[in-house]
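> Could you have a look at this structure, given as structure tokens, before my questions?
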Amino acid sequence: MSKLPIDPYELLRRALAAQIDLGLSDAVIGKSDTAKHTLEVADFAVAPAPEVVTAVEAVRSETGTPQVMQGSIDLMGQPRFETLELHNKAICTCLLCPLGQTRNKFVYGVGNPHARLMFIGEAPGEEEDRQGEPFVGRAGQLLDRILAAIQLSRNDVYIANILKCRPPGNRDPQPDEVNKCLPYLREQIRIIKPKLICALGRIAAQNLLATTKPLGKLRNQWHEFEGIPLWITYHPAALLRFPEYKKDTWADMQILKARYDNLV
Ligand code: SF4
């Protein structure tokens, strides 16, 4: 069944509604050059830095046989895949860390496989674990509204997490779990080749940057992950708990979108 074209007024209405939802009193349409940023230091707890992982056996097929593509091992000894589908299929039964035993569903990632912008969160929550898709609960709905506020949708970007399986009770990922799982995310990034990455929240930012600095010291500046410019903002779940951060998030998104719009 063919899709009906979306009314441009409806698109505009959604963008304005999303901006209002982010706590703005003045609506912004299109590019903004007034995204002045007030840095509010969010002194969240600090997690230990991750160690480097080189486990080639991280990727196993459903039969438990390592599924390494011929001639496609990277310098870290990690297998490489031609597509996200092949990669997902190879790792979706992973039991490398204890979270593989307690998950309901493996949560690989979702979005445009050719996305120029990739969002990376922490780990699946209860709803994500139930549905097998990242950011589908209330935080996911808020992320959709944040994307709409900068005239983007899930079809434009790719969304994944540091961990593919839910930590029980939504506790923070443990360093060993991150060490085991991060090569999967690296491979996703290698396949997608995004031009920009946006880390959502402290856990994603700290693990991508291998730092224990608090979020407030990491935000409001560009970093790099594997040579790709990395921007950091609050996790939508944090915005649900602390709505006062929405204004800073809006400023973050304006800076991110300005760079996105200027990509060649
Ligand atoms: S969290 Fe990652 S490393 Fe742990 S079982 Fe799931 S996929 Fe494997």
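> By how many nm would the segment from W222 to L95 grow when fully extended, if each residue of separation counts as 0.36 nm and the alpha-carbon distance is taken off?
Working: separation 127, 0.36 × 127 = 45.72 nm, distance 3.46 nm.
Roughly 42.3 nm would be gained on extension.
> Quick one: Kirkwood hydrodynamic radius for the range 75-194, alpha-carbon pairs, angstrom, one decimal?
When all Cα pairs of the range 75-194 are included, the Kirkwood radius is 14.6 Å.
> Under a 5 Å amide H to amide H cut-off, with H placed in plane at 1.01 Å, what residues pair with N161 once short-range neighbours are removed?
G121
> Dividing the alpha-carbon Rg of the range 48-261 by 2.2 N^0.38 Å yields what?
Details: Rg = 16.3 Å, N = 214, 2.2 N^0.38 = 16.9 Å.
Relative to the rule-of-thumb radius for its length, the range 48-261 sits at 0.96.
Read the figures in this text as sums done on the coordinates, not as results from a lab. What you see is a predicted model; the values in this text were computed from it and never measured.
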